Amino acid sequence: EEVKAEVEAAGGTARVYPCDITDQESVAATVKQMIEDSPDGIDILVNNAGRSIRRSVRLSYDRMHDYERTMSLNYFAAVRMIYALLPHMSDRHFGHIVNVSSIGVQTAPPRFSAYVASKAALDAFSRVVASETWSDGVTFTTIHMPLVRTPMISPTKIYDAFPTKSPDEAAQLVVD
């Protein structure tokens, strides 16, 4: 609602669509409504949802559910949204999908195997799908986001000493 208000204050039009992106039926219904509400079509999808878990592998042997939950949101939910919108974008011969990934995919920080693996899976998926959708006019961008000062990083106290982006700076990276 805050972003919607900002867009409207700047002279734009925005809508809010609550959706459980981990649920296929919810995604299908939401995307159907979005397409119906957008007579000019949907041009851009930004996959920005994320769940992070910081835990060493030695403390994860009996916590497979952490990996499953992380993959469910960071990978499968994003793929679900892509698949829901890709036919629409391909039919229109125009669309752009932006995946907000993590700098961790490039740096492999200790204790983030579940998080980094889920983001790396989406990166690999997108590279392959981008090669298949280029001729349909659908392109992909992956942003390997640096640390952003949000509640998600607050449990990792060492990050207090690291340079970070503000949420507004991170949002501007996505826009750029």
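The values are calculated or read from the model by the stated rules, or taken from the named source; none is laboratory data. Just so it is clear, the model here is predicted, and its values are computed rather than measured. Methodologically, a virtual Cβ is constructed for each residue, glycine included, from the backbone with ideal geometry; neighbour enumeration extends over all protein chains shown. Heads up: the accessible areas ignore ligands, DNA and RNA and are worked out on the full protein's heavy atoms, side chains in. Shrake-Rupley method; radii C 1.70, N 1.55, O 1.52, S 1.80 Å.
Annotations for the structure displayed:
- In summary, the lysines within cross-link reach of K4, defined as a Cα separation below 26 angstrom excluding same-chain residues under 8 places away, comprise K32, K165.
- Table column - 3J(HN,Hα) (Hz), segment 45-59, Karplus curve with 6.51, -1.76, 1.60, x for Gly and Pro: 10, 10, 8, 10, 5, x, 10, 10, 10, 10, 7, 5, 4, 5, 9
- Largest mean-square fluctuation among D160, D43, D123, in a Gaussian network model of the chain whose springs join Cα atoms under 10 Å apart, belongs to D160.
- When all protein chains stay in place and ligands, DNA and RNA are ignored, the 1.4 Å accessible-area order of E25, E132, largest first, is E25, E132.
- The chain: most fluctuating residue of S72, S101, S38 per GNM, C-alpha cutoff 10 Å: S38
- When you restrict to C-alpha pairs under 8 Å that are six or more residues apart and normalise by the size of segment 118-176, the relative contact order lands at 26 percent.
- Estimated distance in nm for a label pair at W134 and S154, the labels positioned 7 Å out from Cα along Cα-to-Cβ: 4.4
- Three principal axis extents describe the C-alpha atoms of segment 19-115; from largest down they are 51, 28, 15 Å.
- Built amide H within the under 5 Å cut-off of R111, gap 5+: V57
- Mean separation of Cα contacts under 8 Å (6+ apart) over length of the chain, as relative contact order %: 22
- Of the whole protein surface, D91 contributes about 120 Å² of accessible area at a 1.4 Å probe radius.
- Per residue solvent-accessible surface (Å²) - segment 28-89, probe of 1.4 Å: 58
- Going through (i) 119; (ii) 91; (iii) 130, the figure that equals volume of the Cα convex hull per residue in Å³ as computed for the structure here is (iii).
- Student exercise, the chain dipole from Lys, Arg, Asp, Glu Cβ charges, in Debye to nearest 20: 1020
- Net charge over other residues, Cβ less than 11 angstrom from the Cβ of H144 (K, R count +1; D, E count -1): 0
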